[in-house]
Amino acid sequence: MCGIVGICGKVLKLTQAQSLLQLLVHRGQDASGLAWIDETGKHCLAKVKGQPIQIPLPEVNSRYILGSTRYPTYGNRNGNVPVEKFAQPFSVETRLGQLTICHNGQIANIRKFSKHEFHSDAEFIANLLGEFIDNGNDLVMASKKLMDILDGAYSITGFLGHTFFGIRDPRGIRPMVYGFHDGFAVIASESLVLQQAGMPEIKEMPPGGLLIFDEDELTIQQLVKTEKRPCMFEYVYFASAASEINERSVYETRLRLGELLGDQIRNAGIEADAVVPVPDTSRTASQTLSEKLGIPLRDAILKNRSSMRTFIMPAEDERLAAAKSKYLFIEGMIKGKRLLLVDDSIIRGLTLKYLISLLRQKGATEIHVAITNPPTRYPCYYGVDFTTKKELIASQKSVEEIRREIGADSLTYLTHENLKRAIDLPELCMACIDGNYPTPFGQHLKRLLEEGMILETMTHYESDEIIEVALAKEE
Ligand code: SF4
């Protein structure tokens with residue numbers, strides 16, 4: 001998962017674009033980058049390991065700016081590669097001028113096309129699109145070819161020379177919105193960026209669509225049409241509560257998640273003295289859950305504001321160390337109390353296990369756990385960093401075994417039906433909970449996993465040899 005921003009048609013200071021990009025830091029904080037076109041027409045890049053606000057920038061204005069916050073699912077996972085090689089944006093020369101892009105998502109079938117060790121999916125996409133252009137295609141034909149062969153999630157914004165464009169994968173798995181007003185066009189992963197940029201109207205980028213903004217004219221073409229399957233996890237965890245995705249408010253969806261989970265808790269006869277959100281994502285759902293049960297909401301656990309989002313950290317040891325400094329506790333809200341902890345998901349279970357043991361040490365008498373998502377049992381091939389089956393506690397253990405493992409008195413997951421009701425869209429990607437992958441290659445990877453051709457400890461990027469043998473066998 002990453003955050004992307006593209007801006008065209010209004011002269012901005014780079015620092016203004018940097019502030020807009022900073023709004024997407026919840027989508028990735030591993031690395032950040034900006035690209036802009038200078039007065040000579042050159043595409044310039046600045047990247048940093050860290051947040052957008054740390055990008056060293058010259059005092060320059062530009063009408064053409066791209067930005068990215070990076071969340072790593074591919075490349076440089078051990079941190080020994082220079083930032084220029086793995087952070088976006090990426091730029092390549094083509095016969096039609098310099099091509100620079102930012103990308104959010106993940107290409108499931110990248111190994112089918114490339115033996116080259118790319119450090120980012122975006123680098124791969126920039127090279128592939130550049131190759132199509134150099135083979136005589138214009139931007140429309142090159143984008144169509146890209147959509148014909150790529151399998152996975154991709155929301156892309158970029159410049160070819162001075163032509164501004166956006167491409168969204170045919171299933172619209174990752175969010176992407178745009179706004180256009182008075183000759184000024186903005187593309188972003190989430191609507192809160194466009195709100196902040198002052199766009200009076202925010203529109204959903206059509207899946208399978210290509211947006212081109214050139215010579216003050218904005219056009220959108222539908223290159224591929226298929227069933228839309230947006231990622232449900234954006235609503236549950238990833239996106240900002242201030243955003244609307246697929247014309248659904250993330251905040252209001254989370255309120256509904258809490259309400260429906262509240263019904264389940266009441267039906268299960270679970271009692272508690274306080275509803276306690278595990279900060280911060282689950283706080284919105286905790287409010288309606290608390291109202292539904294008539295149990296007060298108490299912030300017994302606070303987030304240390306200087307800490308980072310642990311789930312989007314690449315390494316296990318980093319996540320655990322960060323979890324220890326991430327939370328602060330209000331002792332008076334814990335001692336002698338029956339607590340109902342609310343969290344958005346259980347991926348590996350380590351953070352909840354750690355929190356529950358601390359809450360018991362601090363005198364909680366009972367600890368019940370409510371999760372605003374069903375059990376996560378399958379890897380994600382579309383840009384969220386649980387890419388191996390082995391790391392998912394729910395793929396290895398039953399709900400009762402997970403309850404025992406994390407040390408809770410009860411454990412309630414939201415049901416599939418209630419998740420669907422809360423989001424209320426006709427079709428969703430829910431593959432990490434039901435194994436129903438929305439793309440052909442995702443289904444293929446699932447088969448390889450079931451047949452043991454991909455080990456449970458292996459990502460679909462790893463062990464080329466095994467995956468290549470498996471692919472050859474399949475063909
Ligand atoms: Fe989202 Fe899960 Fe689908 Fe990945 S597998 S895109 S996390 S719903």
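What follows is calculated from the coordinates using simple rules that are stated; it is not laboratory data. Remember, predicted model here, so these are calculated numbers, not experimental data. Here the Cβ is made from the backbone with ideal geometry for all residues, glycine too, and neighbour counts use every protein chain on show.
What list of whole percents do you get for P(r) of region 121-271, with Cα-Cα distances grouped in 5 Å bins up to the one holding the largest distance?
2, 9, 17, 19, 17, 13, 9, 5, 4, 3, 2, 1, 0, 0
Expressed as a fraction of 2.2 N^0.38 Å, the rule-of-thumb size for a compact globular protein of N residues, what is the C-alpha radius of gyration of region 17-141?
1.06
Calculate the spin-label point distance for Asn304 paired with Asn61, positioning each point 7 Å from the Cα along the beta-carbon direction, and give it in nanometres.
About 4.3 nm separates the two model spin labels.
With each run of n ≥ 4 DSSP H residues scored as -39500 (n - 2.57), what mean residue ellipticity at 222 nm is computed for the chain after dividing by its residue count and rounding to the nearest 500 deg cm²/dmol?
So the calculated ellipticity at 222 nm is -8500 deg cm²/dmol.
Run the numbers for Lys420 and Lys13: contour at 0.36 nm per residue of separation, minus the present Cα-Cα distance, in nm.
Extra length from Lys420 to Lys13 when fully extended: 142.3 nm.
Using alpha-carbon positions, what is the distance between the centroids of region 243-300 and region 324-381, in Å?
14 Å
How big is the charge dipole of the chain about its Cα centre, in debye rounded to the nearest 20, if each Lys and Arg gets +1 on its Cβ and each Asp and Glu gets -1 on its Cβ?
Dipole about the Cα centre, nearest 20: 1300 debye.
Lys/Arg Cβ at +1, Asp/Glu Cβ at -1, dipole of the chain taken about the Cα centre: which of Phe124, Gln443, Gly407 is farthest positive-ward?
Farthest along the dipole direction, towards plus: Gly407.
Over the chain, what is the mean sequence separation of C-alpha contacts under 8 Å (at least six apart), divided by residue count, expressed as relative contact order in percent?
Relative CO of the chain lands at 12 percent.
For the chain, compute Rh as the Kirkwood radius over C-alpha pairs and then the Stokes-Einstein diffusion coefficient at 10 °C and 1.306 mPa s; write the answer in µm²/s, rounded to an integer.
Estimated diffusion coefficient is 69 µm²/s.
Quick test of the membrane-span-like rule: which DSSP H helices of the chain reach at least 18 Å along their long axis (C-alpha atoms) with mean Kyte hydropathy at least 0.0?
Going by DSSP H runs, the hits are 121-134.
Arrange Ser120, Ser240 by Cβ neighbour counts within 10 Å, fewest through most, would you?
Least crowded to most crowded, the residues run Ser240, Ser120.
Place +1 on the Cβ of every Lys and Arg and -1 on the Cβ of every Asp and Glu in region 152-265, take the dipole about the Cα centre, and give the residue among Val224, Val236, Ala185 whose Cα lies farthest towards its positive end.
It is Val236.
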